[in-house]
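Worksheet for the structure shown next.
The values are calculated or read from the model by the stated rules, or taken from the named source; none is laboratory data. The structure displayed is predicted, hence computed values, not measured ones. Backbone-built Cβ (ideal geometry, glycine too); neighbour counts: all protein chains shown.
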């Protein structure tokens, strides 16, 4: 019996080549790979200090098939805004100008430039690949590190006691046209949201959940599984916000217990059952809040919620 060829759900064309310097199982590489499949070759990146400033390779070599500018830690959004303005001045308004930064360069060191670009509504796309710590410099805590997590600056006896900074709501508060979350375990969703963002004029912000096996203290083969579990445990909700209207783009029918997600990673191995239950309560509360925001913002905008398509694939 002849084998039925599999249907590709993402483009076969690649804009990232072999020879990069990432660790085994690096989620940041998958995030870049999927984003570039949507963006295509007519794209330029600005990249501050982060894992990707190393992954790309030493000058004059690069692993990407598009121009990439390595810039200062705090300047990803500012440099992207300058590039976009310059390209517009010479009549090249069809180039995708993308600021690509980690969570440290976004939620902490780069937030001033990002806020400024968003306030001006500069025509750029800002993509944060979120691995929840400063992984490039030795797994130090960032404001995107979740409550309870081990890092080298929040060791097990003194784990992080503050919640993860909510960059989505911060960017929505800037009243930019498009904000979304994505995850490397769901490449079709990444491509759909990046494709949508590049059609919109103004500032677009996307936050892609990207695992880091060394920083999360787990085996490289769990890189994709851990992220899929985060989504299906509702730890990392997939959503988009169109002009202030929230839509959850994946609603797990049978959510995984948060404990299953945490158990896979050594960075949470010090937590007691009571502390794990506390995280479960935080996740449940955040999910209920998102459901409320989805319902209320649709009602205020006069958009029937049922008209928005939800992902129908089964939970995995």
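For the stretch 120-135, a residue qualifies if it is touching a helix residue (DSSP H, G or I) at 6+ places or on another chain (Cβ under 7 Å), within 15 Å of residue 31 (Cβ to Cβ) and assigned to a loop (DSSP other than H, G, I, E, B), and the qualifying residues are 131, 135.
Filtering the stretch 75-82 for residues that are at pLDDT 95 or above, assigned to a loop (DSSP other than H, G, I, E, B), under 22 Å from the mean Cα position of the chain (by Cα) and buried (at least 23 other Cβ atoms within 10 Å of the Cβ) leaves an empty set. Exactly one residue among 149, 197, 223 is in contact with a helix residue (DSSP H, G or I) (Cβ under 9 Å, 6 or more places away or on another chain) and closer than 20 Å to residue 77 by Cα, and that residue is 197.
Which residues, counting only those in the stretch 169-197, are farther than 21 Å from residue 294 by Cβ and surrounded by 16 or more Cβ atoms within 10 Å (Cβ to Cβ)? Within the stretch 169-197, 184, 185, 187, 191, 194 meet the criteria. Scanning the stretch 88-110 for residues that are surrounded by 15 or more Cβ atoms within 10 Å (Cβ to Cβ) and free of Cβ contacts under 8 Å to residues at least 40 places away in the same chain gives a single hit, 108. For the stretch 228-248, the criterion of being over 16 Å from residue 148 (Cα atoms), at pLDDT below 95 and more than 18 Å from the chain's Cα centre (by Cα) is satisfied by no residue at all. Can you tell which of 262, 256, 291 is surrounded by fewer than 20 Cβ atoms within 10 Å (Cβ to Cβ) and assigned to a helix (DSSP H, G or I)? Just a single option satisfies the conditions, and that option is 291. Of all residues in the stretch 218-243, those being surrounded by fewer than 17 Cβ atoms within 10 Å (Cβ to Cβ) and in a loop (DSSP other than H, G, I, E, B) number 2. Scanning the stretch 51-64 for residues that are touching a residue at least 24 places away in the same chain (Cβ under 8 Å) and either touching a strand residue (DSSP E or B) at 6+ places or on another chain (Cβ under 7 Å) or buried (at least 20 other Cβ atoms within 10 Å of the Cβ) (or both) yields a total of 7.
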